[in-house]
Amino acid sequence: MNMFRFIAIMSFLTLAACGGGPDADALKKDVEARLAQALPAGTVTLAGLERRGTQSDTKAPAGETRRIVYFDADLKLGSDFDFGAWDSPGVAGVVSALGAGPRGITGIVSGGNKSGDVVRAHGTALYKREGDKWVAVATGGYRPTAAPSYATNSPQGTAAILEAMRKVIDSVLKDGAPAQQAVIQEELTAANAAIRARLARATDGYAIAAGPEHGQYLRFAQAVSDTARARTVPLVTRGGEENIRLLREGKVTLALAQGDVALQAYEGKGNFSGEGPYSSLRAIGSLYPEPVHVLVQAGGAIASMAQLRGTRVAIGVRGSASRTTALRILQAHGIAAKDITPVEVGLGDALVALRQKKVDAVIQIIGVPADSIRDALDEIPLRLLPLESKAIASLAGAKAGYFAFTIQPGAYATQKDPVRTVATAALLLAGNDLSEAEIGTVTRFIFEKGRDATARGSAQGTQVSPATARQGLTVPMHTAAVKALDAMAGK
């Protein structure tokens, strides 16, 4: 009888263990395999892993048992490595391998990590039950939260500056000619106006035209405002084209936009032809690359760009820079707008439509990793189509703001091969409302090294670096930004 009780108890414990997903050893083995696929050999070792529990996957397909396993992982770097480099999987590989959101990763710093550094992550892994075994499911969804914004320190040294100015003014007022006194009056009047304007901006915040709700531009702007030494106010917009128009109209002081669209606005071409050249538009710097993603269902018949002819293609909403780029990509492959059925929806709705087979393809220009795409992988297998070599050469050689780019294996959990495409740079732009001192301040806090942007909600923020601030520029860089970046580089 006791033996039967022992067997029953052991059977119950075995079933309970199976019901809770794989054990820690199996989980560690799978995580190590994902890291090996996502990052160059020798980059990191899994120095520690603790299983933190599981829960049932409520999004599991009918008739399938799935569990989400939560874990904490310590990754030790075996060599110096820049997770923000534009030409490596970097932070995209980490978040995809570990199923972690940016706020779940700490220790990745802009400017590069050193050998021996430890990166810590709160990760997730998805498993499905097959017989008496748990099998890992390639996934990568996360839903990052918005980063709060707050104000920080104000400038110092005001008393010393006022004392120095008083001495100059007193000396001129005693013996100065009328022309010299007129100079002082003009400069003081201008300084008074500039100070009042800057104080108003400092009080109300520097408005940044960002992008759609939950989009990468908005998340980056929120992560920046989380650490800014001058208060910034990220604004929800429809995207890059609207952002530039808001900047030109003086409704915002800073704007985010794709490099190709900024060039059109600067030259007064394309969708900006009716407004004329925006000759005062200036770049503070390039932030990160935004490669073109062409997505289809993995099990579908479409395997090349040429096969998009005659299909339903989600190209983005009007007013978004991505829509303009999507049409250019098609045109470079000999496909005109009349050759497809264009579907004008945002990326989130487009991915839902792709899953429901209401569209055949989605074209989006977006930084890697795109969390909405990773999230969609939970529900539908996706394939990234490579662009044709001739189209890449044509786009990159047209001086329209594009450059050849490869989405590295491991950037997305189901991506085994490199995908050749083109990219444009995400630019931070300014008009002529800000002073040189303000531009310098903005440049320094945007491109300062050592910031852990992933922990503040922006995976793309890790790619922001003084080393790439001039890469992919399509409009002139502000002279104050040039000076600030040169100073940061020790030039």
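The values are calculated or read from the model by the stated rules, or taken from the named source; none is laboratory data. Note that the structure is a prediction, hence the values are computed from the model and not measured. Neighbour counts run over all protein chains shown; Cβ positions are idealised from the backbone, glycine included. Heads up: the accessible areas ignore ligands, DNA and RNA and are worked out on the full protein's heavy atoms, side chains in. Shrake-Rupley method; radii C 1.70, N 1.55, O 1.52, S 1.80 Å.
Side notes on the structure shown:
- Annotation note: GluC sites (Glu not before Pro) in the range 248-305 located in DSSP loop regions with a Cβ neighbour count of at most 10 within 10 Å are 249.
- Given charges at Cβ of Lys, Arg, Asp, Glu: the chain dipole, positive-most of 321, 216, 307: 307
- Separation of alpha-carbon centers, the range 49-66 and the range 248-308, rounded to whole Å: 39
- With only the Cα atoms considered, the chain has a convex hull volume of 174 Å³ per residue.
- Accessible surface for the chain, divided over its residues, is 46 Å² per residue with a 1.4 Å probe.
- Remark: the Cα gyration tensor places the range 228-293 in the oblate category, a/c being 1.5 or greater and a/b not exceeding b/c.
- Taking only the Cα atoms of the range 429-491, the radius of gyration and Dmax are 12.2, 33 Å.
- Taking a quarter of the surface of the Cα convex hull of the range 75-128 gives a mean projected area of 4.0 nm².
- Sites residue 182 and residue 399 - FRET efficiency at Förster radius 60 Å, r taken between beta-carbons, to 0.05: 0.80
- The apolar share of the surface of the range 247-288, taken as the fraction of accessible area on carbon and sulfur atoms (1.4 Å probe, ligands and nucleic acids excluded), comes to 43 percent.
- Counting only DSSP beta bridges with both residues in the chain, the antiparallel share comes to about 80 percent.
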